[in-house]
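**Q** One structure coming up, written as structure tokens, with questions to follow.
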Amino acid sequence: MPSSHQSVIKVEQLAKTYGKGENAVMAIKECSFEIFKGETVALLGPSGSGKTTLITMIGCITEPTQGKLYLDGELIFDQHWRINDTRKLRRQKIGFIFQSHNLIPFLNVEENITLVPLMNNTNPKEATLKAKELLEYLGVENKLAAMPSQLSGGQSQRVAIARSLANNPKIILADEPTAALDAERALSVMRLLKKLATEQDVAILVVTHDERMIPLFDRIIRVNDGYVSEEAKS
Amino acid sequence: MISLAQRDIAHSLGKFLTTSAGIGMLLGVVLIMIGVYRGLVDDANILLKDTQAKLWIVQQDTLGPFAENSRLHEDVKYQIKAFEGIKDVSALTFQNLQLYRNNQPIRVFAMGYDIHSFYTPHLLIEGRPILANHFEMIVDQKTGFKLHDEIVIGRDVFNVVGITKDAVSSSGDLMVYFSLPDAQKLQFLSSNEQIRNDRARGIKTTDTTTINAIIATVEAGADLKTIGQEIERWKHVKVFTQEEQSSLLTKNLIERSAKQIGMFTVILLLVASVIISLIIYTMTMGKIKEIAILKLIGASNGEIIKMIVQQSVLLGILSFIAGMLFSHSLMDLFPKRTILISTDAFSLLVIVIIVSILGSLVGVRSALKIDPASAIGG
Ligand SMILES: Nc1ncnc2c1ncn2[C@@H]1O[C@H](COP(=O)(O)OP(=O)(O)OP(=O)(O)O)[C@@H](O)[C@H]1O
Ligand SMILES: [Mg+2]
């Protein structure tokens with residue numbers, strides 16, 4: 001259950017059409033929903049239904065065609081971007097986790113995690129301390145100095161999760177974060193995200209195909225052919 | 001802040017160093033070409049500088065011995081010496097000569113000088129100046145002859161009494177020196193058969209009183225122009241100052257070859273610039289994915305531009321260092337002198353850095369166009 005009713009993500013009639021004219025693809029036709037502080041929400045739907053499009057619009061990576069987007073109570077999009085620097089917003093408020101870990105290959109684990117906090121002018125000592133703490137929390141504290149190429153798939157994914165948390169985000173957006181992991185690992189990663197949401201009051205939106213994860217979420221939003229519908233948990 | 005440029009380089013250090021070495025070789029060739037150019041200009045002036053003369057007296061209506069034939073009668077030198085303000089004079093002869101060492105021909109430029117005048121070969125590094133009026137000579141070390149070697153020219157045997165270093169004529173031939181009488185004799189050196197033929201025709205076979213130029217020093221405070229005009233007015237000769245001779249030499253004689261090398265250097269530099277730009281562009285394009293991730297996690301354009309530009313400049317500087325090492329290790333293998341001047345090297349460094357920055361701008365442009373969404377999926 002949500003710990004409070006403070007809205008963190010709010011979309012109103014959000015729509016996205018890729019391309020123009022004959023080639024236009026209406027990936028998201030109309031979406032309205034709200035996600036609150038501390039909530040863990042699953043985004044389910046068949047392949048090509050528009051999940052990634054939706055989550056990247058919320059992350060200010062893909063520009064919507066229509067509708068409104070609010071993040072942390074602030075109007076972000078209405079016809080056009082309402083803020084100047086979407087990247088600043090991302091590095092200050094949003095953590096991303098992707099299907100593939102997307103670590104930067106030339107930075108070691110510690111640097112991958114501290115990069116965003118340092119770009120936010122966090123004190124370097126503090127950033128390192130936080131990185132250690134997160135890695136410990138995720139059970140990979142011995143990999144601080146390792147390069148991404150020296151990590152297993154599961155370890156990389158956990159480092160990526162640590163990176164998404166390093167800037168104390170209000171929102172975590174995850175696109176199939178467990179796809180590269182075995183069932184056991186996948187479940188433990190999801191449990192971890194769930195724990196974060198409750199302990200640190202983060203709103204978490206996770207795209208997943210895996211029906212076994214469903215019991216772990218507070219709510220389920222289904223995407224179908226560009227429309228969303230709230231689904232009652234059975 | 002973490003230096004992204006430095007981390008990326010450290011991660012693929014081998015590749016980065018190899019690339020620098022490659023560009024370095026190209027820059028090395030540029031440096032050598034500049035060195036060859038400098039060598040050409042410098043060589044042309046060596047002989048002139050070595051005389052340490054103030055005035056050059058040459059045949060009327062000629063530009064002097066380096067440009068065309070100039071002939072004077074030897075006794076003009078006594079008349080010149082008598083002019084007010086003239087301190088000392090030396091008569092000189094110049095001629096091309098073929099020497100043989102181990103039956104190998106060596107083309108040299110021979111200079112005859114008054115051994116009792118102010119002039120002495122300053123480039124001497126071994127032995128002594130010529131003291132005897134006959135059968136002594138000085139050679140440049142690059143001829144391969146050693147001190148006390150005996151060299152046969154015509155019917156005479158010359159003893160090597162001195163060795164010079166880097167003494168070359170304005171066209172780059174190695175220098176040898178003779179006493180004036182010996183040199184005058186050599187100018188009319190002919191085979192026995194030819195002498196017999198010439199005598200039969202009634203030609204005088206030993207006119208040994210001709211010289212090619214007179215050099216002079218002046219008293220302290222004397223005005224070169226005034227003395228020159230005075231001499232020209234009374235004697236039917238042409239007088240140049242040392243500076244005039246030097247600029248005539250560079251203008252008339254080596255300008256075309258210098259331009260030739262200059263053009264080549266410029267083209268080489270352009271090619272190097274294009275290659276540097278291309279490499280930096282490819283280097284940036286090889287990091288599309290990383291740049292997309294950086295944008296995705298919120299890195300500003302400033303961070304990304306800094307990464308690319310810093311890397312390019314570092315590549316440029318490393319390449320330059322490699323180029324310096326490369327050119328310095330090859331320079332001595334060139335038969336003619338190549339001179340690497342630090343101001344030339346510095347100019348090249350500045351050009352390389354500018355090219356690196358300009359080259360990286362192309363990379364930066366494409367990097368800024370990368371869509372952060374491209375990091376997702378796949
Ligand atoms: N950049 C793009 N340009 C054009 N069409 C796109 C683009 N990205 C996605 N689409 C189209 O939009 C629709 C939704 O794609 P999206 O990636 O959001 O689906 P998804 O639900 O994430 O699918 P999956 O489960 O396979 O990842 C698809 O029909 C896709 O072809
Ligand atoms: Mg997707």
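The values are calculated or read from the model by the stated rules, or taken from the named source; none is laboratory data. Values in this document were obtained by computation on a predicted structure and should not be read as measured data. Because the Cβ atoms are built from the backbone with ideal geometry, glycine has one as well, and the counts that use them run over all protein chains shown. The accessibility values were calculated without ligands, DNA or RNA, using every heavy atom of the protein model including side chains. Shrake-Rupley method; radii C 1.70, N 1.55, O 1.52, S 1.80 Å.
**Q** Among the residues of the stretch A:40-68, what is the count of those that are away from ligand 1 (no atom under 15 Å from the Cβ) and either free of Cβ contacts under 8 Å to residues at least 60 places away in the same chain or touching a helix residue (DSSP H, G or I) at 6+ places or on another chain (Cβ under 7 Å) (or both)?
**A** Within the stretch A:40-68, residues that are away from ligand 1 (no atom under 15 Å from the Cβ) and either free of Cβ contacts under 8 Å to residues at least 60 places away in the same chain or touching a helix residue (DSSP H, G or I) at 6+ places or on another chain (Cβ under 7 Å) (or both) number 5.
**Q** Quickly run through the stretch A:89-113 and pick out the residues that are more than 7 Å from chain B (Cβ to nearest Cβ), part of a helix (DSSP H, G or I) and either buried (at least 23 other Cβ atoms within 10 Å of the Cβ) or without any contact (Cβ under 8 Å) to a residue 40 or more places away in the chain (or both).
**A** Passing the criteria: A:Leu89, A:Val109, A:Glu110, A:Asn112, A:Ile113.
Residue-wise test of (1) open to solvent by less than 20 Å² (accessible area, probe 1.4 Å); (2) more than 16 Å from ligand 2 (Cβ to nearest atom); (3) of a type in the set (D, E, K, R).
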residue: A:Gln6; (1), (2), (3): no, yes, no
residue: A:Gln13; (1), (2), (3): no, yes, no
residue: A:Glu39; (1), (2), (3): yes, yes, yes
residue: A:Leu44; (1), (2), (3): yes, no, no
residue: A:Thr62; (1), (2), (3): yes, no, no
residue: A:Gln66; (1), (2), (3): no, yes, no
residue: A:Leu69; (1), (2), (3): yes, yes, no
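**Q** Quick check on the stretch B:290-297. Is at least one of its residues closer than 16 Å to B:Ser356 by Cβ and either in a loop (DSSP other than H, G, I, E, B) or among the charged types (D, E, K, R) (or both)?
**A** No, the stretch B:290-297 has no match at all.
**Q** Also: Starting from the stretch A:187-208, take each residue that is away from every other protein chain (no Cβ under 14 Å) and assigned to a helix (DSSP H, G or I) and list its partners that are open to solvent by 10 Å² or more (accessible area, probe 1.4 Å) and more than 16 Å from ligand 2 (Cβ to nearest atom), counting only C-beta distances under 6 angstrom and pairs at least six apart or across chains.
**A** These pairs meet every condition: A:Met190/A:Leu216; A:Lys194/A:Leu216.
**Q** Among all residue pairs at least 6 apart or on different chains, which show Cβ distances below 7 Å where the first residue, located in the stretch A:165-176, is on the phi > 0 side of the Ramachandran plot and the second is within 16 Å of ligand 1 (Cβ to nearest atom)?
**A** Listed pairs, sorted by first residue: A:Glu176/A:Gln99; A:Glu176/A:Val207; A:Glu176/A:Thr208; A:Glu176/A:His209.
To keep it simple, each residue is scored yes or no on (1) surrounded by fewer than 12 Cβ atoms within 10 Å (Cβ to Cβ); (2) at pLDDT 90 or above; (3) closer than 17 Å to B:Lys49 by Cβ.
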site: B:Asp207; (1), (2), (3): yes, no, no
site: B:Asn212; (1), (2), (3): no, yes, no
site: B:Asp223; (1), (2), (3): yes, yes, no
site: B:Phe240; (1), (2), (3): no, yes, yes
site: B:Leu249; (1), (2), (3): no, no, yes
site: B:Glu255; (1), (2), (3): no, no, no
site: B:Gln260; (1), (2), (3): no, no, no
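**Q** Another one. Considering each residue of the stretch B:48-80, count those that are closer than 24 Å to B:Arg337 by Cα and assigned by TED's automatic domain parsing to the domain that holds B:Ile227, and give that number.
**A** The qualifying residues number 3.
Here's the yes/no breakdown for (1) within 16 Å of ligand 2 (Cβ to nearest atom); (2) within 39 Å of the chain's Cα centre (by Cα):
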residue	(1), (2)
B:Ala322	no, yes
B:Phe334	no, yes
B:Ile341	no, yes
B:Lys369	no, no
B:Ala375	yes, no
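**Q** Also, I was wondering about something else. Answer with yes or no whether B:Gly202 is more than 30 Å from B:Ile2 (Cα to Cα) and not assigned by TED's automatic domain parsing to the domain that holds B:Gly22.
**A** yes
**Q** Restricting attention to strands (runs of 3 or more DSSP E) lying wholly within the stretch B:96-148, give those where 2 or more residues are open to solvent by 40 Å² or more (accessible area, probe 1.4 Å), in contact (Cβ under 8 Å) with a residue 24 or more places away in the chain and assigned by TED's automatic domain parsing to the domain that holds B:Thr210.
**A** Filter on the stretch B:96-148 gives B:124-127.
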